[in-house]
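The values are calculated or read from the model by the stated rules, or taken from the named source; none is laboratory data. These figures come from a predicted structure and were not determined experimentally. With ideal geometry, Cβ positions are generated from the backbone for all residues, glycine too; neighbour counts draw on all protein chains shown.
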Amino acid sequence: MRQATTMIEVATDRQGLIDVTDRVRRWTADQSIAEGLLTLFCRHTSASLLIQENAAPAARADLEAYFARIAPEDPQAYAHDEEGPDDMPAHLRAALTQVQLSIPVIAGALALGTWQGLYLFEHRRRPHRRSLALHLIGD
């Protein structure tokens with residue numbers, strides 16, 4: 001059994017879904033592990049990870065709009081606002097999604113479905129540098 005780890009830095013310039021699929025695929029392929037499990041972990045409380053539709057941009061736009069409705073930027077609604085009106089809504093959106101994904105690796109490739117992509121979901125409006133930890137284990 002072998003293991004490999006790395007950190008991927010993602011620069012964000014806006015709220016929304018940022019596709020990280022190709023970067024994760026390339027790193028996974030470079031490890032030469034044929035069968036195993038990849039774990040991705042987002043090291044932040046105001047960003048998250050999703051496996052989501054990768055073909056239709058409207059699906060991602062609808063998802064972003066939905067989260068804006070269920071966790072709105074309303075300064076009157078939250079006590080926690082040290083970093084601005086998008087601070088607490090960002091935490092809520094991260095809590096409603098996930099910060100860790102597990103993806104099988106089969107024949108040296110991510111076992112994603114035809115229309116699935118890996119996304120960092122940035123919940124803050126201003127630019128950030130987000131850090132993703134990757135851990136691959138297998139043979």
Within the bounds of the range 67-76, is there any residue that is modelled with pLDDT of 95 or more, of a type in the set (A, V, I, L, M) and surrounded by 12 or more Cβ atoms within 10 Å (Cβ to Cβ)? yes
Could you grab the pairs with beta carbons closer than 8 Å, sequence gap of 6+ or different chains, first residue in the range 48-62 and assigned to a loop (DSSP other than H, G, I, E, B), second one of a type outside the set (A, V, I, L, M)? 54/19; 54/21; 54/115; 54/116; 54/117; 55/115
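Tell me, yes or no, whether the range 67-81 has at least one residue that is under 12 Å from the mean Cα position of the chain (by Cα) and of a type outside the set (S, T, N, Q). Quick ask: steps written out before the conclusion?
Pass one, the range 67-81, residues under 12 Å from the mean Cα position of the chain (by Cα): none.
Checked the range 67-81: no residue is under 12 Å from the mean Cα position of the chain (by Cα) and of a type outside the set (S, T, N, Q).
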Pick from the range 1-21 the residues that are part of a strand (DSSP E or B) and charged (D, E, K, R): which of them is nearest to residue 127 (Cα to Cα)? 9
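I want to confirm something. Restricting to the range 63-76 and keeping residues that are outside any loop (DSSP other than H, G, I, E, B) and of a type in the set (A, V, I, L, M), which single residue is farthest from residue 18 (Cα to Cα)?
Step one: list which residues in the range 63-76 are outside any loop (DSSP other than H, G, I, E, B), which gives 63-70.
From the residues that got through so far, the ones that are of a type in the set (A, V, I, L, M) too are 63, 65, 68, 70.
Values: 63: 13, 65: 15, 68: 16, 70: 20 Å.
So the residue we want is 70.
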Inter-residue pairs, beta-carbon under 6 Å, first over 14 Å from residue 106 (Cβ atoms) and in the range 30-47, second modelled with pLDDT of 95 or more and in a loop (DSSP other than H, G, I, E, B), 6+ apart: 42/99; 46/123; 46/124; 47/123
Going through (1) closer than 15 Å to residue 137 by Cα; (2) part of a strand (DSSP E or B) one by one, residue 33 fails only at (2)
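Tell me, yes or no, whether the range 39-47 has at least one residue that is assigned to a strand (DSSP E or B), surrounded by fewer than 18 Cβ atoms within 10 Å (Cβ to Cβ), at pLDDT 95 or above and of a type outside the set (Asp, Glu).
Restricting attention to the range 39-47, the residues satisfying the condition of being assigned to a strand (DSSP E or B) are 39-42, 47.
Going one step further and asking which of them are surrounded by fewer than 18 Cβ atoms within 10 Å (Cβ to Cβ), we end up with 39, 41.
After this cut, where a residue has to be at pLDDT 95 or above as well, the list is 39, 41.
Adding the requirement that they be of a type outside the set (Asp, Glu) leaves 39, 41.
Yes, the range 39-47 contains at least one residue that is assigned to a strand (DSSP E or B), surrounded by fewer than 18 Cβ atoms within 10 Å (Cβ to Cβ), at pLDDT 95 or above and of a type outside the set (Asp, Glu).
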